[in-house]
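Presented below is the structure to which this report refers.
Nothing in this text is a laboratory measurement; each read-out follows from the coordinates by a stated rule. Treat the numbers as computed from the prediction; the structure is a model and nothing was measured. We place every Cβ from the backbone using ideal geometry, glycine too, and count neighbours over all the protein chains shown.
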Amino acid sequence: MHKQSSALTNSSFVDRLPPAMSRVNKQCRIGKQTICSLLLVGIVLHGGCNSSLGPNVDSDFVPAEFPIPQGLVHEEFELRPLKVSDAEADYDAVLESKVELRALLGGEWPPDGFTMEQNRSDLIVHQQAFRDRESFTYTVTATNGKRILGCVYVLPAEDADAQVYYWIRTSEHGRGLSESLQMALKDWLASEWGFVQVEFHGGE
């Protein structure tokens, strides 16, 4: 796995790392843009924001008239926006992959004792951020659309068109799914989003 290093600001900048990270920090706001709602816990570590990616992130991540892609279909998986109704299936994948997620995101998410209701609260934030066009979280499902295999987060970046975090649940490791996902994402982000330079964080 690739893990992004992070320079931390004073921990008083936020009260604490949210129990579900929200996989984002819901308390850090800069102007109209909820900067920390755009950043994974790999950027918001131990209650601090990454100073190099805070106010400098472009708030015009995607043009107002740009139609947000609703996913992709691959022979091994499907990608679609994460919804609050996915909470239970997503929770199962998250708990199974706790060790890998902590390594990828560089923090303690998901925390010990993480509950389904906390996960549901996270998904509410993700769904709203998608609607607000601030950040875009997609669930990776099996081709039958039922079993959740992982997640993809499309976020603004300071020195690239976008940064993408992705993970595949632990039980699906070892069969090349992570590699297939990244290859598909590269094509999709170029053809559907028009992104040329993308920072990827993820893998087995």
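Going by a ≥ b ≥ c, the root eigenvalues of the Cα gyration tensor, does region 68-202 fall in the rounded group (a/c under 1.5), the prolate group (a/b larger than b/c) or the oblate group?
On the way: a/c = 1.40, a/b = 1.26, b/c = 1.12.
The shape class here is rounded.
Mind ranking 152-159, 187-194, 129-136 by how tightly packed they are, going by the mean number of other C-beta atoms within 10 angstrom, highest first?
Numbers: 152-159: 20.2, 187-194: 14.8, 129-136: 17.4.
Output ranking for 152-159, 187-194, 129-136: 152-159, 129-136, 187-194.
Extending each Cα 7 Å along its Cβ direction at I124 and S85, get the distance between those two points in nm, one decimal.
With each label point 7 Å from Cα toward Cβ, the separation is 1.8 nm.
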